[in-house]
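Here the structure is laid out as structure tokens; the discussion comes afterwards.
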Amino acid sequence: MKKIRVAVLYGGRSGEHEVALRSAASVINNLDRAKFEIVPIGIDKNGKWHLADPALLQQQTVSLPIYRNLPEVVLPSNPGGTETGVVALKPTDLASGGAGKASTAFDVVFPVMHGTNGEDGTVQGLLELAEVAYVGCGVLASAVGMDKDVAKRLIAAEGLPVVPSFCIRGSEWGAKKSTFAARAEKEFGYPCFVKPANSGSSVGVHKVKSAADFAPAVADALRYDTKVLVEKAISAREIELSVLENAKYGEAPLVSVAGEINPTHEFYSYEAKYLDENGMTMKIPADITKEQLTFAQDVARRAFTALECEGLARVDLFLDKNDGKIYFNEVNTMPGFTSISMYPKMWEASGVPYGELLTKLIELAIARKERRAALVRDFTQK
Ligand SMILES: Nc1ncnc2c1ncn2[C@@H]1O[C@H](COP(=O)(O)OP(=O)(O)OP(=O)(O)O)[C@@H](O)[C@H]1O
Ligand SMILES: [Mg+2]
């Protein structure tokens with residue numbers, strides 16, 4: 001049987017570039033070589049695309065980045081041509097391919113990128129334009145998942161619990177600082193949380209402990225986004241669940257067992273995530289009651305659907321230590337994907353090994369592409 005060619009797109013112009021390299025190396029190492037042929041494409045920190053040398057993939061264990069001596073991939077592509085492929089993934093650009101060889105085309109893209117320019121709908125939009133199948137959420141869910149304010153509004157409209165919050169836009173901040181400070185104090189008191197609406201890795205997230213700390217926290221968060229959330233602080237246990245689209249189209253998404261992240265820092269900050277190797281401990285399955293698990297799984301499943309997710313997402317919840325209440329916190333449409341990351345680990349604990357998970361994701365991507373291709377786009381013909 002002909003192997004499915006999977007372009008693994010990794011890196012990206014994002015603060016989470018390095019994390020994405022680690023995720024992509026795991027994905028490449030665990031893709032079933034009997035079924036898939038891998039075309040690695042790295043995006044460097046300047047946003048340049050590089051086609052990696054397939055010879056490097058002969059090694060069983062691939063470490064990234066593999067940019068060396070490789071031709072650049074030039075944007076944008078010419079969709080609708082005879083070959084499937086984003087951009088200038090033309091045969092002539094392949095180190096080993098040689099002109100005219102169709103072997104450089106690929107069947108599906110696996111974008112292994114986190115945060116801005118990778119997980120936020122931008123790359124997904126490019127892939128839509130190029131008419132290629134790709135793993136994971138589409139443009140809408142990726143963009144919504146990235147914007148914590150919009151995501152929370154949709155989740156609240158679905159009737160699911162969210163932590164009370166309000167937004168501050170950069171355009172309003174200068175003139176109304178004291179009004180916002182008074183509102184934060186009145187509605188939430190201290191501590192409260194201040195965070196950029198579109199960010200990740202806890203960059204720009206502040207636990208504000210006093211009125212004096214409020215304005216500097218908002219000003220800092222506004223460095224990363226033009227919209228900032230002010231949120232009630234929850235004394236929270238951090239519970240996460242992995243969600244996978246159902247291969248039976250239209251049926252409820254599948255939800256894993258729950259996992260718990262226990263930061264050893266005051267909250268799950270950037271330092272705790274990336275700088276301190278003892279910054280957190282994880283427990284899978286999370287030590288929660290059966291009722292809490294059922295509720296958390298229901299929230300995760302409904303959140304996935306309410307946010308129009310496809311393929312995969314990790315849904316992060318807060319469990320209030322004081323009263324046991326569970327809140328939706330956020331969704332990650334391309335969660336960390338190293339073999340020790342929560343998303344694949346929670347599936348493993350639910351009976352789906354890493355390699356099998358990757359196969360399912362690719363099959364889902366191809367099935368979606370086929371569904372989309374069947375839609376009518378030309379209204380002139382009867
Ligand atoms: N309202 C809150 N109450 C208590 N802790 C919070 C609250 N908001 C954020 N935190 C803490 O800050 C951490 C980071 O916040 P959040 O998950 O909202 O953003 P993020 O992790 O930067 O986003 P992403 O997961 O997309 O990278 C949380 O894991 C939690 O430890
Ligand atoms: Mg988070």
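The values are calculated or read from the model by the stated rules, or taken from the named source; none is laboratory data. Keep in mind that this is a model prediction, so the values were computed, not measured. Cβ sites come from the backbone with ideal geometry, for glycine too, and all protein chains shown count toward neighbours. Areas reflect the complete protein model, heavy atoms only, side chains present, ligands, DNA and RNA absent. Shrake-Rupley method; radii C 1.70, N 1.55, O 1.52, S 1.80 Å.
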**Message:** Please compute the length gained on full extension between Lys232 and Ala373, using 0.36 nm multiplied by the number of residues separating them and subtracting their Cα-Cα distance.
**Reply:** 46.3 nm
**Request:** Please compute P(r) over all alpha-carbon pairs of the chain, binned at 20 Å starting from zero, and give each bin as a whole-number percent.
**Result:** 28, 55, 17, 0
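Between Lys290 and Ala252, what is the FRET efficiency for a Förster distance of 25 Å, r being their Cβ-Cβ separation, to the nearest 0.05? Each step should come with its number before you reach the end.
Numbers: r = 19 Å, r/R0 = 0.78.
Working from the Cβ atoms, E equals 0.80.
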**Request:** For n ≥ 4 DSSP H runs only, could you compute -39500 (n - 2.57) per run for the chain, divide by its residues and tell me the 222 nm figure to the nearest 500?
**Result:** -9500 deg cm²/dmol
**Asked** How much net charge surrounds Glu266 when only other residues with a Cβ under 11 Å from its Cβ are counted (Lys, Arg +1; Asp, Glu -1)?
**Response** +1
**Request:** Give me the percent of DSSP beta bridges within the chain that run antiparallel, rounded to the nearest 5.
**Result:** 75 percent
**Prompt:** Over the chain, what is the mean sequence separation of C-alpha contacts under 8 Å (at least six apart), divided by residue count, expressed as relative contact order in percent?
**Reply:** 17 percent
**Request:** Please report, in debye to the nearest 20, how large the charge dipole of region 165-232 is about its Cα centre when each Lys and Arg carries +1 at its beta carbon and each Asp and Glu carries -1 there.
**Result:** 60 debye
**Request:** Please compute the Cα-Cα pair-distance distribution of region 332-382 with 5 Å bins starting at 0, giving whole percents from short to long.
**Result:** 4, 18, 18, 17, 12, 9, 7, 6, 4, 4, 1
**Met282/Ala175 FRET efficiency (R0 45 Å; Cβ-Cβ; nearest 0.05)** = 0.55
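Apply 1/(1 + (r/R0)^6) to the Cβ-Cβ distance of Lys209 and Glu128, taking R0 = 45 Å, and write down the FRET efficiency to the nearest 0.05.
Details: r = 44 Å, r/R0 = 0.98.
With R0 = 45 Å, the Cβ-Cβ based efficiency is 0.55.
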**Prompt:** Hey, can you rank 26-38, 170-182 by average C-beta count inside 10 Å, highest first?
**Reply:** 26-38, 170-182
**Message:** Excluding same-chain pairs closer than 8 in sequence, count the lysine pairs in region 165-232 whose Cα atoms lie under 19 Å apart.
**Reply:** 20
**Between region 344-372 and region 209-284, the Cα center-to-center distance that results, in Å** = 24 Å
**Request:** Would you please name the chymotrypsin sites (Phe, Trp or Tyr not before Pro) within region 318-382 that are DSSP coil residues with at most 13 other C-beta atoms within 10 Å of their C-beta?
**Result:** Phe379
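For region 263-349, state which trypsin sites (Lys or Arg not before Pro) are in a DSSP loop and have at most 15 other beta carbons lying within 10 Å of their beta carbon. Numbers along the way, then the final one.
Details: sites: Lys273, Lys283, Lys290, Arg301, Arg302, Arg314, Lys321, Lys325, Lys345; in loops: Lys321, Lys325.
Counting only loop positions with at most 15 other Cβ atoms within 10 Å, the trypsin sites (Lys or Arg not before Pro) in region 263-349 are Lys321, Lys325.
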**Request:** Could you tell me what percent of the accessible area of the chain is made up of carbon and sulfur, with a 1.4 Å probe and every protein chain present?
**Result:** 51 percent
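Mind checking region 212-276 for GluC sites (Glu not before Pro) that DSSP puts in a loop (not H, G, I, E or B) and that have at most 12 other Cβ atoms within 10 Å? Working shown, then result.
Working: sites: Glu231, Glu238, Glu240, Glu245, Glu251, Glu260, Glu266, Glu271; in loops: Glu245, Glu251, Glu266.
For GluC sites (Glu not before Pro) across region 212-276 that sit outside H, G, I, E and B with at most 12 neighbouring Cβ atoms in 10 Å, the list reads Glu251, Glu266.
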**Item:** Shape of region 165-232, Cα gyration tensor, a/c cut at 1.5
**Value:** oblate
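Based on the alpha-carbon gyration tensor of region 1-52 and its eigenvalue square roots a ≥ b ≥ c, which shape applies: rounded if a/c is under 1.5, prolate if not and a/b is larger than b/c, or oblate? Walk me through the numbers on the way to the answer.
On the way: a/c = 4.19, a/b = 1.91, b/c = 2.19.
It is oblate, given that a/c is not under 1.5 and a/b is not larger than b/c.
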**Asked** So how strong a dipole does the chain carry about its Cα centre when Lys and Arg Cβ are +1 and Asp and Glu Cβ are -1, to the nearest 20 debye?
**Response** 480 debye
**Asked** Per residue, how much accessible area does region 248-327 have with a 1.4 Å probe, in Å²?
**Response** 54 Å²
